[in-house]
Amino acid sequence: MSADLSMARSRAALLRALRDGLDERGYLEVETPIGVPVAGQEPHLRPFETRFTPDAPIPLPGVEGVRRLHLHTSPEYAMKRLLASGFGRIWQIARVFRDGELSRSHNPEFTLLEFYAAPGTAQTVMAHLEELIADAARALRGSATAPARAGHGRGSKGPPLDLTPPFERVSCREAFQRHAGFDPLTLDAEAFAQAARTIGIRPAGGASWDDLFTQVLLGRVEPALGLSRPTYLTEYPASQAALAQLVPGDERVAQRFELYAAGLELANGFTELTDSREQRARLETEQRERAGLGREVFPLDERFLAALDSMPEAGGVAVGVDRLLMLLTGASEVADVLAFPAAEEYPHARRG
């Protein structure tokens, strides 16, 4: 096994610190189903499929025969239904599953902290998250710091990262201008592809604007973020934020953020979209994107959509607990913080 007793104790301390911090801030712990009848629509995610097969006829209305289920890739839809039914600040630490994801920073089964503040916005959960991370570092390390990680824009290891709030906040436009040399929102797909080539990135033929954005983000922007202190990357292009509200006055960008530290993506959050008609249209766009990628297209989650119009304004964030543990312990890959990493449990697996 990759993770030893010391790492298991660090994980327990991290989970305890997160729970205590959320409780102190008035969040209620909730649980939602892992097996869900409707999978999410994110074009690049593949859920695991399973089935419920009754042993005998069930005397319940609407429950007949074999039922197809998926292991959730996130508890997001279910937690938003709770918000719509009157819950305020809620959180859960969930096991989530994403097929095909296996690399130095991905495991197909992993631990996700997801929490929502209603009423609230992205700014609400950003402020709480940076406080939680600083408190967790103090619990594990005795100070609001994290060890520097080699190979993430630093070469050799340097001084510890400063995790003292507030974290740096940089918009996507600013980050691209700083680290790639251009503003993506001023370019169409053809000009974007040419700009990418000038910095040594070779886009595939016919790559869409969103494909180009992701390629430059991964290749040039992400590795430069959060190298001395964590960085919130904010105001993503609207096409990259299907579940987020748009920025008032500039509908090209959305109230979405991601958190980076030492080149690691740690969290993804939004000011949540609460307009069911707009959400339906965006999910239908994602269905078309899935079809274009040759992936299975799932039906829309009608219970989730029906709940949205009753949902108060809210901010929400999903935090990769395994990656946060990597950051706080200085681990170089996710297998180092797991007792049973998939790369070892599946002998024929290959990591990227």
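Residue by residue through segment 98-108, note down the ones that are among the charged types (D, E, K, R) and crowded, with 18+ Cβ neighbours inside 10 Å. Residues satisfying the conditions are Arg98, Glu101. Restricting Ala262, Ala267, Ala281, Ala242 to residues that are farther than 30 Å from Pro147 by Cα, surrounded by 19 or more Cβ atoms within 10 Å (Cβ to Cβ) and of a type in the set (Gly, Ala, Ser) narrows the list to Ala242.
Scanning segment 308-329 for residues that are open to solvent by less than 20 Å² (accessible area, probe 1.4 Å) and among the aliphatic types (A, V, I, L, M) turns up Leu308, Met311, Ala314, Val317, Val319, Val321, Leu324, Leu325, Met326, Leu327, Leu328. Here Ile199 passes the criteria (1) under 29 Å from Val317 (Cα atoms); (2) touching a Lys or Arg at 6+ places or on another chain (Cβ under 7 Å) except the one numbered (1).
Within segment 278-324, take every residue that is in a helix (DSSP H, G or I) and among the acidic types (Asp, Glu) and give me the one that is farthest from Arg95 (Cα to Cα). Looking at the filtered set, the residue picked out is Glu278. The residues of segment 38-78 that are of a type in the set (A, V, I, L, M, F, W, C) and either open to solvent by less than 40 Å² (accessible area, probe 1.4 Å) or at pLDDT 95 or above (or both), listed by number, are Val38, Ala39, Leu45, Phe48, Leu69, Leu71, Ala78. Can you name every residue in segment 75-102 that is assigned to a loop (DSSP other than H, G, I, E, B) and farther than 15 Å from Pro37 by Cβ? Scanning segment 75-102 gives Ser85, Gly86, Phe87, Gly88, Arg89, Arg98, Asp99, Gly100, Glu101, Leu102. Just one of the listed residues (Ala144, Ala117, Ala94) is closer than 29 Å to Ala339 by Cβ, open to solvent by less than 20 Å² (accessible area, probe 1.4 Å), touching a residue at least 40 places away in the same chain (Cβ under 8 Å) and of a type in the set (A, V, I, L, M), and it is Ala94.
The values are calculated or read from the model by the stated rules, or taken from the named source; none is laboratory data. Since the structure is predicted, the reported quantities are computational estimates derived from the model, not experimental observations. Don't worry about glycine lacking a Cβ; one is built from the backbone with ideal geometry, like all the others, and counts go over all protein chains shown. Accessible surface is based on the protein model in full, side chains and every heavy atom, while ligands, DNA and RNA are left aside. Shrake-Rupley method; radii C 1.70, N 1.55, O 1.52, S 1.80 Å.
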